[in-house]
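The values are calculated or read from the model by the stated rules, or taken from the named source; none is laboratory data. Keep in mind that what you see is a predicted model, and the values were worked out from it rather than measured. For neighbour counting, all protein chains shown are included, and Cβ atoms are generated from backbone atoms with ideal geometry for every residue, glycine included.
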Amino acid sequence: MSDTDAFIVLPADPMRLAAAVQMVATEDPKRTAWLRAGAEQSRSAEPTDPGAARRFQTVLELAFLVASADGLATAERASLSLLLESMIDGALDHATLELHFADLDSAVAMFGRHERLARAASDVSPDACEDALGLATIVALGDGKLSRPELDALVELGSHLGVNEDRVRDIARGFAARVQERLR
Amino acid sequence: MSYVNHLAREINCKIVYYGPGLCGKTTNVQHIFDVSKPEMRGKMISLATESDRTLFFDFMPLDLGTVKGYKLRFHLYTVPGQVFYDASRKLVLRGADGIVFVADSQADRAEANSESLENLQTNLAETGQALESVPFVIQYNKRDVADVLSLEELRAALNPRGVPEFEASARTGAGVFETLKGLSRLVLSRLATQT
């Protein structure tokens with residue numbers, strides 16, 4: 001798919017872009033804190049707060065499903081992993097995230113993308129819907145664009161979360177604008 | 001096929017309820033959902049596909065314990081009602097770890113049962129699997145209604161291989177868990193040989 005077909009394109013040098021997306025992804029300390037806590041809980045064989053682990057894994061899966069809606073090349077997978085590592089302050093290492101992506105690929109192959117999206121969305125609490133959509137958007141923007149399949153996946157996710165298409169587009173545009181600000 | 005979620009330390013297995021229209025597939029899945037502890041299961045999801053609908057939920061059957069420290073999560077799937085497109089049946093079979101064939105015991109559904117069983121074999125073959133290689137049980141549902149075939153008649157028509165079979169009345173819940181447990185044993189046994 002060419003960039004001209006994408007819903008959002010952020011033209012920039014890949015290094016600068018990665019830095020800008022990372023800054024936006026980590027600018028909310030509250031979000032970074034709960035993501036990190038969830039990642040740490042996920043690392044433990046016996047989590048003391050299974051709810052935090054589950055919440056983290058849910059948003060991680062949703063973000064992966066959206067970001068991989070147009071396919072995920074090896075390089076994109078690596079940058080996705082780097083972005084997530086920065087968002088959780090290294091609470092999970094590269095190898096663990098890569099293994100998890102492979103597991104999520106298997107889940108899609110077995111159950112279907114639409115089914116996984118609906119299933120993971122059902123675990124999002126009503127007060128966290130926009131946050132989940134925002135995180136998925138940031139992660140999808142990691143490669144500098146939000147492609148049509150990624151936008152469709154976001155809209156589909158929004159429909160499961162009770163967030164209408166216009167609002168989903170606004171959320172996506174809002175995050176893209178923040179990344180662009182960081183690029184200036 | 002079962003997939004392992006290493007981060008969640010879970011082994012995920014897909015169980016498909018298959019059978020002719022209105023045989024009680026959804027009633028089986030709904031009963032298991034209703035009886036499962038809310039904290040051990042996900043929500044029941046009804047997802048519209050292009051032509052039909054897929055109904056599914058997942059739960060953790062505590063009585064099955066763990067496999068090498070990994071918890072088991074069963075995902076129960078069916079295509080409810082009368083399925084109009086074979087594509088929906090094929091899709092739901094994708095990656096199945098175990099299949100429950102729900103037969104309607106009523107005499108006037110004998111042909112529908114046989115057709116559905118044949119359709120299952122055909123659709124599985126198209127996904128590269130043979131029914132003989134997948135954990136498989138048969139449930140004779142609606143044993144509590146009038147004009148049902150005898151067990152011998154049902155067995156002769158549907159179960160020449162002698163796979164585990166169960167009588168049930170999904171409407172009342174009778175035999176529903178026995179069927180699932182029967183299949184679980186087969187799925188676990190296969191998992192044990194794979195891990």
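Do we have B:Val102 as surrounded by 15 or more Cβ atoms within 10 Å (Cβ to Cβ) and among the β-branched types (Val, Ile, Thr) here? Before you say what the answer is, go through the steps one by one.
Numbers: surrounded by 15 or more Cβ atoms within 10 Å (Cβ to Cβ): yes; among the β-branched types (Val, Ile, Thr): yes.
In short, yes.
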Among the candidates A:Leu104, A:Leu161, A:Leu157, A:Leu141, which residue alone is of a type in the set (A, V, I, L, M), at pLDDT 95 or above and in contact with a Phe, Trp or Tyr (Cβ under 8 Å, 6 or more places away or on another chain)? A:Leu104
Given (1) at pLDDT below 95; (2) assigned to a helix (DSSP H, G or I); (3) farther than 30 Å from B:Asp97 by Cβ; (4) not basic (Lys, Arg), index of the condition A:Ile171 fails: (1)
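Looking only at residues that are within 12 Å of the chain's Cα centre (by Cα) and free of Cβ contacts under 8 Å to residues at least 40 places away in the same chain in segment A:48-66, which one is nearest to the other protein chains (Cβ to nearest Cβ)? So that I can check it myself, show each step before the final result.
Filtering segment A:48-66 for residues within 12 Å of the chain's Cα centre (by Cα) gives A:56-66.
Cutting the leftovers down to free of Cβ contacts under 8 Å to residues at least 40 places away in the same chain gives us A:56-57.
Working: A:Phe56: 9, A:Gln57: 6 Å.
Only one residue fits best here, namely A:Gln57.
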State the number of residues belonging to segment B:13-71 that are farther than 28 Å from B:Thr193 by Cβ, β-branched (Val, Ile, Thr) and in contact with a helix residue (DSSP H, G or I) (Cβ under 7 Å, 6 or more places away or on another chain). 3
Quickly run through segment B:89-99 and pick out the residues that are surrounded by fewer than 22 Cβ atoms within 10 Å (Cβ to Cβ) and touching a helix residue (DSSP H, G or I) at 6+ places or on another chain (Cβ under 6 Å). B:Arg89, B:Lys90, B:Leu93
Scanning segment B:14-67 for residues that are in a loop (DSSP other than H, G, I, E, B) and basic (Lys, Arg), the one nearest to the other protein chains (Cβ to nearest Cβ) turns out to be B:Lys43
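I'd like to verify a number: residues in segment B:130-164 that are assigned to a loop (DSSP other than H, G, I, E, B) and surrounded by 13 or more Cβ atoms within 10 Å (Cβ to Cβ), how many?
Applying the first criterion (assigned to a loop (DSSP other than H, G, I, E, B)) to segment B:130-164 yields B:130, B:134-135, B:142-147, B:149-150, B:159-164.
Add one more test, that the residue is surrounded by 13 or more Cβ atoms within 10 Å (Cβ to Cβ), and what stays is B:134-135, B:142-144, B:149, B:159, B:163-164.
The number of residues fulfilling the criteria is 9.
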Pick out the one residue from B:Tyr85, B:Tyr70, B:Tyr3, B:Tyr18 that is of a type in the set (Phe, Trp, Tyr) and within 14 Å of the chain's Cα centre (by Cα). B:Tyr18
Of (1) assigned to a helix (DSSP H, G or I); (2) at pLDDT 95 or above, A:Thr48 satisfies every one except (1)
Residue set A:Ala69, A:Ala12, A:Ala6; condition crowded, with 20+ Cβ neighbours inside 10 Å and touching a residue at least 24 places away in the same chain (Cβ under 8 Å); output residue A:Ala69
Looking at B:Glu178 and the list (1) of a type in the set (D, E, K, R); (2) touching a Gly at 6+ places or on another chain (Cβ under 9 Å); (3) modelled with pLDDT of 95 or more; (4) surrounded by fewer than 18 Cβ atoms within 10 Å (Cβ to Cβ), which single condition is not satisfied? (2)
Note: among A:Ala109, A:Ala102, just one is of a type in the set (A, V, I, L, M), surrounded by fewer than 22 Cβ atoms within 10 Å (Cβ to Cβ), in contact with a Gly (Cβ under 7 Å, 6 or more places away or on another chain) and within 12 Å of another protein chain (Cβ to nearest Cβ), namely A:Ala109
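So, B:Leu76, is that one within 23 Å of B:Leu188 (Cα to Cα) and away from chain A (no Cβ under 14 Å) or not? Before you say what the answer is, go through the steps one by one.
Values: within 23 Å of B:Leu188 (Cα to Cα): yes; away from chain A (no Cβ under 14 Å): no.
Criteria not met by B:Leu76.
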